[in-house]
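Note sheet for the following structure.
Values quoted throughout were computed directly from the atomic coordinates according to the rules given, and no laboratory measurement underlies them. The model shown is predicted, which means the values in this text are computed figures rather than measured ones. Here Cβ is always computed from backbone atoms with ideal geometry, including for glycine, and neighbour counts include all displayed protein chains.
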Amino acid sequence: MIKKVVAIGDSFLAGSELKRSKSTWPALFADKYDLEYQCLARPGHTIQYVVRTLFEAIHTESKNCLFVIHWPNALRMEYVNKKDDTWIQINPNAILFGNDYSNQIQTMYYKHMNSLLGDKWHSLAMISIALDALKQTNHQYAMTAVDDFLFATDFHNPPYIEFLQKQCQDEIHWFDNLTFLKWAEANKFEFGPLGHPLELSHQRAFEYFEPVYKKLVGLQ
């Protein structure tokens, strides 16, 4: 039986605006069933960050884990600062610090280079790579996603995108066919000032996924 839960994602799994960061739905599951819990989620981060963090965890983790992965906003991107090989995030909704040129690069990227087609391609390719890696291990996993447009078939859907959608779509869990954010809005759950669903949303999300996670960790 799996005895450790690892959460990887963005602010939703990091617990932004919650009174306790361990009130997220994977943390509630781990607490109820007395499982070890590790949160590697970071607010505002990217799909690229999630894949790198997942690969590091697979490489270093000695225990079989349940990885709960929430794929972040596909519009976020990263590049490498050649001075020190650090990854710099660009985000259409944030002014970033830590690099002299991040604002200029951010403006150039979203004005001239970013597109929904590119976002679908990069994001689905990353998810597919993560799935391939996980399937070669004894770990279990459950994935949700911020962006349902990745699986939309009515725009930006050439054959190579359709191929990736088919590779990934059955591995993504939804909340009554909605993203976590849209599900919380539809149920009129309370949000924080910065737009994050609060404790009741996570409690209901835990209840929603509890049967799925129990089966994955071998509790039923």
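Contact order for region 15-146, expressed relative to its length and based on alpha carbon pairs under 8 Å spaced 6+ residues apart, stands at 29 percent. Please identify, among Gly195, Gly44, Gly15, the residue showing maximal mean-square fluctuation in a Gaussian network model of the chain using a 10 angstrom Cα cutoff. In the Gaussian network model the winner is Gly195.
Among the chymotrypsin sites (Phe, Trp or Tyr not before Pro) found in region 48-137, those both in a DSSP coil and sparsely packed, with 11 or fewer other Cβ atoms within 10 Å of their Cβ, are Phe97, Tyr101.
Under 5 Å between amide hydrogens, built in the peptide plane, is the criterion, and for Ile90 it picks out Met77, Glu78, Tyr79 among residues at least 5 positions away or on other chains.
Taking every DSSP helix (H) stretch of at least 4 residues in the chain, weighting each as -39,500 (n - 2.57) and dividing the sum by the residue count yields a mean residue ellipticity at 222 nm of -12000 deg cm²/dmol. Cross-link reach is defined here as a Cα-Cα straight distance under 20 Å, omitting same-chain residues fewer than 8 places apart; for Lys19 the lysines meeting it are Lys32, Lys188.
Within a straight-line Cα-Cα reach of under 14 Å, Lys4 can be paired with the following aspartates and glutamates, leaving aside sequence neighbours fewer than 8 residues apart in one chain: Asp31, Asp34, Glu36, Glu61. Which whole-number percent gives the relative contact order of the chain, counting Cα pairs below 8 Å spaced six or more residues apart? Relative contact order comes out at 24 percent. For Lys120, go through the lysines and keep the ones whose alpha-carbon is under 28 Å away, minus same-chain ones fewer than eight residues off. Within the straight-line cut-off, Lys120 pairs with Lys82, Lys111, Lys135, Lys166, Lys182. For region 91-200, the set of trypsin sites (Lys or Arg not before Pro) satisfying both a DSSP loop assignment and a count of at most 10 other C-beta atoms within 10 Å is given as Lys135, Lys188.
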